[in-house]
1. Please find, within region 298-311, the residue that is nearest to the chain's Cα centre (by Cα) out of those that are touching a residue at least 12 places away in the same chain (Cβ under 8 Å) and surrounded by fewer than 19 Cβ atoms within 10 Å (Cβ to Cβ).
2. List every residue pair whose Cβ atoms lie under 7 Å apart, where the two residues are 6 or more positions apart in sequence or sit on different chains, the first residue falls within region 321-343 and is at positive phi, and the second residue, located anywhere, is surrounded by fewer than 24 Cβ atoms within 10 Å (Cβ to Cβ).
3. Residue 289 - would you say it is over 21 Å from residue 139 (Cβ atoms) and out of contact with any Phe, Trp or Tyr (no Cβ under 8 Å at 6 or more places or on another chain)?
4. Taking the stated definitions as given, is residue 370 farther than 20 Å from residue 238 by Cα and aliphatic (A, V, I, L, M)?
5. Just checking, does region 38-52 include any residue being hydroxyl-bearing (Ser, Thr, Tyr), over 21 Å from residue 120 (Cα atoms), in contact (Cβ under 8 Å) with a residue 40 or more places away in the chain and touching a Phe, Trp or Tyr at 6+ places or on another chain (Cβ under 8 Å)?
6. Taking the conditions exactly as written (at pLDDT below 90 and part of a helix (DSSP H, G or I)), does residue 262 satisfy them or not?
7. Which ranges mark the helices (runs of 4 or more DSSP H) fully within region 1-92 that have 3 or more residues being under 16 Å from the mean Cα position of the chain (by Cα) and either at pLDDT below 85 or surrounded by fewer than 24 Cβ atoms within 10 Å (Cβ to Cβ) (or both)?
8. Out of region 118-162, which residues are among the small types (Gly, Ala, Ser), in contact with a helix residue (DSSP H, G or I) (Cβ under 8 Å, 6 or more places away or on another chain) and farther than 20 Å from residue 271 by Cα?
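The values are calculated or read from the model by the stated rules, or taken from the named source; none is laboratory data. This is a predicted model, so every value here is computed, not measured. For neighbour counting, all protein chains shown are included, and Cβ atoms are generated from backbone atoms with ideal geometry for every residue, glycine included.
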Amino acid sequence: MFGFSHLVRIPGLVATFSLFFFEALVLGNWITRIPDIKNSYGFSATQLGICLFVIAMGTLFSFLVGGRAVRRWGLRKVCGISLLCWSLGVGAFPLMPNGILLAPVLFFAGLSVGFVEVGINTSADRLERNSGHRVMSKAHGFWSLGSLVGAVIGAGMASLGISVDIHFLIVMPLCALGGYWLAQGIPVAGETTRQNEITKDAPAINFPRRGIILLCFMPVGIMLVEGAFIDWSALFIRSELKGGPVATGLIYATFSLVMAVTRLGGDRLLARFGPVRVAQLSSVFATIGIGLFALAPTVWVAFFAALFAGAGVAIVYPLAMTAAARRSGEAEDNVAALSLVTFTAFMMAPPIVGIVADIVGLRYALILLVPFAASVFFLSGELKKEG
């Protein structure tokens, strides 16, 4: 159904897909326990938003230097060490005695996941270049599967009454060790040559080049929806719709499952409709999804909104990542630049939503994302440009 038979023998494919899965597995466990961590520290919505902002700052810094790090140390080291640190950083979230000591841990986790993102997306692009097959959408499909599995585990732990600290002490070290081990399967052929090509003139910080600026901003509306849905859907369901841990986990799991299925079948959609039409349709679905979710009067309406939102946010980011890697210049730098812009939006949306939610309410804060989701429709033409 998803066309894996001709891909399984590509060197490094299993390792790369697995790293996408493990990065999101950590995230899925964290997302479903956000309300519990918020309560354990006694945070308001604004204070929780500040915590998410600190994570975003760490991620922002890693994107600025991520391309150079990949060239200097290689994909295997960058992916393995950063995924290990991401897992252990999140595992330490519930263990800090207060919010002040939590801040450097949040920054460290954000820094780590940024390096993971640059590494695994560069690895997926190399697989596409070396094999001649599209794999980026499928790679991100495994990210969605990891997020789904993590959400199910997190919801299960919460429904059983297992505290967040015990939950994370069980799961996160396993993710850290598994991710580090899997990273050793990334091919290193040719990386020594790439590392030797680094010169003193190579930029230490990767800002977007003029030729890819609009492409970098094209998926921002989608990333805003995804970031807000990931970090605020659990709290919205519990506080606004009075749903329990099972409803919280089910709705996020639905969101992730639809994302995964759409991404795994994304190559067929692209072959039939082309990247621009797929991006435009995705924008429509994301706009409907976040709007319906924000206005949902019941858990069941939120569930159906998650279906639209999951389908809408699924493919646009992988499409933009492939397009950026194929533009002129170094692929690592273009990937890092696009990641810088899109994941800054992805990480900045949740704290901004939190601040606005304390002023006008969470529903209205989420409704404000509707025009951003719609903007992707009008910028989708960037996917077919070159240079």
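1. 307
2. 329/209
3. Here the answer is no, as residue 289 does not meet what is asked.
4. yes
5. Going through region 38-52, the residues hydroxyl-bearing (Ser, Thr, Tyr) turn out to be 40-41, 44, 46.
Imposing the further condition that a residue be over 21 Å from residue 120 (Cα atoms) reduces the set to 40-41, 44, 46.
Within this subset, residues satisfying the condition of being in contact (Cβ under 8 Å) with a residue 40 or more places away in the chain are 40-41, 44, 46.
Then keep just the ones that are touching a Phe, Trp or Tyr at 6+ places or on another chain (Cβ under 8 Å); that gives none.
No, the conditions are met nowhere in region 38-52.
6. Numbers: at pLDDT below 90: no; part of a helix (DSSP H, G or I): yes.
No; evaluated as a whole, the condition is false for this residue.
7. 13-32, 45-73
8. Across region 118-162, the qualifying residues are 119, 123, 144, 146, 147, 150, 151, 154, 155, 156, 158, 159.
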